[in-house]
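The block underneath contains the structure these notes are about, expressed in structure tokens.
Every number in this text was worked out from the coordinates using simple rules, so none of it is lab data. Everything numeric in this text was worked out from a predicted model, so none of it was measured. Glycine also receives a Cβ, built like all others from the backbone with ideal geometry; neighbour counts cover every protein chain displayed.
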Amino acid sequence: MEMLHRDLKPENIMLTKNNEIKIIDFGSVKIAGIQEVSTPVERLELLGTKNYTAPEYLLGMQGSNRSDIFSLGVLVYQMLTGELPYDDRLTRKLNWRTLNKIKYNSAITHNPMIPLWLDGAIEKAVKTDQRLRYDTFSEFFFDLTHPNATFMKHSAPLLESNPVLFWKISTGLLLLGNLAWLLAFIS
């Protein structure tokens, strides 16, 4: 509907008695084609709610539909894991340097029942760089409901995917290192 909500969070999503989802609290909405009306009251505070606000808002940039997709991605991540994709690292004190250090926490680490393709779709929706997110909600929704082969190429680290093999390899390498050290010490 060419509107940016700019404050999507669990408290602003309601479920009716007929199991319909309704979005509420349109106090921050920006509607395409309607110019901002200047008022004597200036908004001093940033829009959005901590942990659900897209990084571009926290950096003082303009938002887009991709900003709302970020918030929806966070909501989906939280519904599936009970956690947040960036823990508590998205704050109003965010700057470019700290933003580049923030890494996505795979949803699979919190809920191993999540398929790899679903985690890939969520990860794309919550990218800290808005240019790398979905262009439209319909693309995000499609990837949430249909396995996307491009996300299947991502693989979990060996420690997560096969911890027994990881520790066998690590133990073998340590044993070889100790034997080499022992041979060098004896000679």
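Taking other Cβ within 10 Å of each residue's Cβ, how do Arg66, Arg97, Arg89 sort, fewest first?
Working: Arg66 22, Arg97 7, Arg89 16.
In order of increasing Cβ crowding within 10 Å: Arg97, Arg89, Arg66.
So which of Lys22/Lys103; Lys127/Lys168; Lys17/Lys127; Lys50/Lys103; Lys101/Lys168; Lys103/Lys168 end up more than 25 Å apart by C-alpha? Before the final figure, lay out each step's value.
Details: Lys22/Lys103 31 Å; Lys127/Lys168 34 Å; Lys17/Lys127 34 Å; Lys50/Lys103 17 Å; Lys101/Lys168 31 Å; Lys103/Lys168 28 Å.
Beyond 25 Å between Cα atoms: Lys22/Lys103; Lys127/Lys168; Lys17/Lys127; Lys101/Lys168; Lys103/Lys168.
Can you list the GluC sites (Glu not before Pro) in the range 48-144 that are in a DSSP coil and have 15 or fewer other beta carbons within 10 angstrom? List each step's numbers first, then the result.
Values: sites: Glu56, Glu83, Glu123, Glu139; in loops: Glu83.
The qualifying sites are Glu83.
Within 10 Å of each residue's Cβ, count the other Cβ atoms and sort Ile23, Ile69 from fewest upward. Walk me through the numbers on the way to the answer.
Values: Ile23 14, Ile69 25.
Lowest to highest Cβ neighbour count: Ile23, Ile69.
I need the phi-derived Karplus couplings for the range 13-20: 6.51 cos²θ - 1.76 cosθ + 1.60, θ = phi - 60°, integer Hz, Gly and Pro marked x.
For the range 13-20, the Karplus curve yields 10, 10, 10, 7, 4, 8, 6, 9 Hz.
Could you sort 173-182, 101-110 so that the peptide with the highest average Cβ count within 10 Å comes first and the rest follow in order? Walk me through the numbers on the way to the answer.
On the way: 173-182: 10.0, 101-110: 15.9.
Highest-to-lowest ranking by the protection proxy: 101-110, 173-182.
For the range 117-129, what does the Karplus curve 6.51 cos²θ - 1.76 cosθ + 1.60, with θ = phi - 60°, yield as ³J(HN,Hα) per residue in whole Hz, taken in order and with x for Gly and Pro?
3J(HN,Hα) across the range 117-129, in whole Hz: 5, 5, 4, x, 5, 5, 4, 5, 5, 10, 4, 6, 8.
Using Cα pairs under 8 angstrom and six or more residues apart, how large is the relative contact order of the range 70-161, in percent? Can you show the working numbers first?
Values: 83 pairs, mean separation 26.5, N = 92.
Computed value for the range 70-161: 29 percent relative contact order.
Cut-off is 10 Å between beta-carbons; in what order do Leu72, Leu158 appear when sorted fewest neighbours first?
Numbers: Leu72 22, Leu158 13.
Ordered from fewest to most neighbouring Cβ atoms within 10 Å, Leu72, Leu158 come out as Leu158, Leu72.
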